[in-house]
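To keep things clear, I will list the structure first and then write my remarks on it.
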Amino acid sequence: MKLALRELLRRPGRFAVATAILALIALLLMVLGGLLDGLVAGSTGALRAQRGQLIVYSSASQESLVRSRITPAVRQVIEKTVGVGRVAGLGSVQLGARIEGHGPRDLVPVVLFGYELAPRGLPDAVPAAGRVYADRSLQSEGVRQGSTVLLGPARTPVEVVGFLGDSRYSLQGTLWGSLQTWRSVLAANRPGERAGAGVDQALVVRIGAVDSSTQAHAIDRATNGATKTLTIPQAINALPGVAQQQTVFNQIIGITVLIAVVVVGLFFALITVERVGLYGVLKAVGASSGILFAGVLLQALVVTLIASAIGVAASLALDAAIPAGSIPFVATPARLLTSTAYLVFAALLGCAFSLRRVLRVDPAAAIGGEQ
Amino acid sequence: MFLALREIRRAKLRFGLLVAAVALLVFLILTQQALQNGLITSFVGAIRRQSAPVLVFAVDGQRTLQGSVITPRLEKSIDGVRGVAEAGRIGQGTFTVVVGRGGRSNAALVGYEKSQLGGPDRLSAGRMPSAAGEAVGSASDFALGDRVRVVGPGEGPVLRVVGLADDAQIQVTPTLFVSWPDYVAAARAVNPDAATVPPSVIGVRPAAGVTAAALAGRINGASEEADALTRRQAAEKAPGVAAVRSSFNLIFLLFALVVPLVAGLFFLIITLQKARALTLLRAIGAPAGALVRSLLVQVVIIIGGGIVLGTLLYVPLSQAKLGKLSLSFDLRAVVFWAVLLLVLGLASAMVAARRVLAIDPVEATTGGGAR
């Protein structure tokens, strides 16, 4: 073991190229993971922030918030369903926002949500008409407490009274106001999507101790199939592209790990071939195959950890350097650790290819000269 | 040449592993290239496929068809711009539909007032609609004769697919081009509360002697509310397209670095291992150029083999459909990456080639070649 570490210290150049390649692969894994996390976080924050367990859409909407319409009559039925606690309306509209300091054509895309049940991070009381809370990501666009933001072609003014975090939706910053604010903004700016009196796009439902899925079925039965009720995780997965993005990115990450296995395997197989004579001598003086292979594993581990550290540093630098809103990339500790774990696994697996060769080394060859 | 081939034959596993690694990398690069192309085409295919040379969005629409709402005032100001030969309304929305006797699914409707200003510019099968209730569908999602019913609280139109257009999706959704009255009927069916159904954009044809770009500039100059773009600009500047390109370019850059580094590392190690034999060859008269050529032949064979194998893996995948995303074989991408990786691979082998050129034949007599 000491010998393996000493070789790393004495001849770092021998391992430099492998470290560089693994660092690139580490960065690749972290970038792929960071892009996935950024895409998912930016698309799902508004749903993750909900404090109910269920979301009710109209059944004809295909679980699309924009297309969903829940009438007051349907809402009444849901409110009377056994097991249902609080029922709260939810509405959304995507608009361009004119923010002070921006040019006349420099609009910021935002999603205005109307709510009754305050999402995580907001006080229980719904703000008065014309007042909204803003997602913190909008601060990078110049939105401040007290700012007046003009929404849509009708330039409907809303005043920002505070902020909340991690509530982005469709990769856009969000504004949170009352259902009344939402209805008036929608009617003024999207006459084709106007919501009638008492009509909501969806309902956020709090339930008792009942299982969420069972309660969701109970609601849909009570409304005679007029609704489609989903748990929050189901609603997140039903967002366009979220599940597909996760599948595709995870497949790419899987193949990248496979490439890391091949690269490590290749590198240490070659290193082992180079050392066959040395291993013969070491075995001749009493070193076991286990000790020799442990040395190879240790070197692989050290090289991988150094490469991962470089990857982590580069990912954090990338995260800091990427301008807000350009590429949906976030470097989270969980993702960086997971990527490092994948790489360590790939390195150890790749090293296993060298095990056979280490086991086959004949100590007698060290005396005979040729292996 | 002879030595290069013989060495590969004698060390099949070693060279095979490298070919496998390069093939996996090439496969990943081409797969992601196909994903990028497929994503962009599915995002904005309908914009590229529609026939209006200039599209005028409302500046609030942020260059998305669905987000743009043209007010009567803006529509009037577009009509009055010098150089406008013809203008027509175009609307776009996503609807819940039932195709034939199937279940509910999503479909985007692109409604056009004039077929030469918003209708599909080219069909892959069938004919253009000539009566109410007829539609052209995206070829990857619909078949000729399909009957598509729009689902909503109100009575929605039933559309019959009479034509098909390739690469005609929008927002990664099956897309139907329909007449303006059918589009309005669909919008009213899903939202009876809709006060009016305004157009999303105005398609404009420039008068003789006026270019599309010049007309777009004039329209933008005439109204601060207008965001006129040529057809190409509308596709390229759609939100999401630039982000998709930037994200993939970052990944491509990392992959483009990994391939030559892996190949370079491999050949450097191989050269170091063969140092003794190469020194001997030089001592018995083999010219350095011949040894370098032999090395480069191996590089070409290995990288070339990896490219061929990676491309063969990519062929079946490129014919597949990932969810709603249609992939396609992109010959230009294959050629581009093959040339780039071959050049980078050869460049990376220069380090190993320099080692070969630095061999001093005299060392064969001193044992220095083994160092």
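What does the charge count around A:G295 come to, taking other residues whose C-beta lies under 11 Å from its C-beta (Lys +1, Arg +1, Asp -1, Glu -1)?
Details: positive: A:K2, A:R6, A:R275; negative: A:E7.
Local charge sum for A:G295: +2.
Bridges between two residues of the range A:46-238, per DSSP, are antiparallel at a rate of about 75%. At an R0 of 35 angstrom, the distance between the Cβ atoms of B:M128 and A:R105 translates into a FRET efficiency of 0.50.
The base-10 log of I(q)/I(0) for the range A:46-238, evaluated at q = 0.14, 0.17 Å⁻¹, reads -0.74, -1.05 [Debye formula, identical scatterers on Cα atoms, solvent excluded].
Considering every alpha-carbon pair of the range A:3-118, the percent of pairs per 10 Å bin, from zero through the bin containing the longest distance, is 10, 23, 20, 16, 11, 10, 8, 2.
Each residue, A:S289 and A:L337, gets one label point 7 Å from its Cα in the Cβ direction; the gap between the two is 3.7 nm. With R₀ set to 45 Å, the beta-carbon distance separating A:A309 from B:R101 gives a calculated FRET efficiency near 0.15.
The mean of 1/r over all distinct Cα pairs in chain A, once inverted, gives the Kirkwood hydrodynamic radius of 24.3 Å.
What the Cα atoms of the protein assembly as shown give is an Rg and a Dmax of 31.4, 98 Å. Mean per-residue shielding of peptide A:105-117 is 2, counting Cβ atoms of other chains within 10 Å of each Cβ. Mean residue ellipticity, 222 nm, helices only, the protein assembly as shown: the sum of -39500 (n - 2.57) across DSSP H runs of n ≥ 4, divided by residue count and rounded to 500, is -17000 deg cm²/dmol. The calculated pair-distance distribution of the range A:136-195 uses every alpha carbon pair, bins of 5 angstrom beginning at 0, and gives 4, 18, 25, 26, 20, 8, 1 percent.
Rg(Cα) of the range A:226-371 divided by 2.2 N^0.38 Å? Walk me through the numbers before you get to the answer.
Details: Rg = 22.5 Å, N = 146, 2.2 N^0.38 = 14.6 Å.
In units of the globular-protein estimate, the range A:226-371 measures up at 1.54.
Once the Cα-Cα distance is subtracted from the 0.36 nm per residue extended length, the A:E274 to A:R221 segment shows a gain of 12.0 nm. Here is the size of the range B:177-278 from its Cα atoms: Rg then Dmax, 27.2, 86 Å.
Computed from the coordinates by the stated procedures, all read-outs in this text should not be read as laboratory data. On a predicted model such as this, the values are computed, not experimentally measured, just so you know. For neighbour counting, all protein chains shown are included, and Cβ atoms are generated from backbone atoms with ideal geometry for every residue, glycine included.
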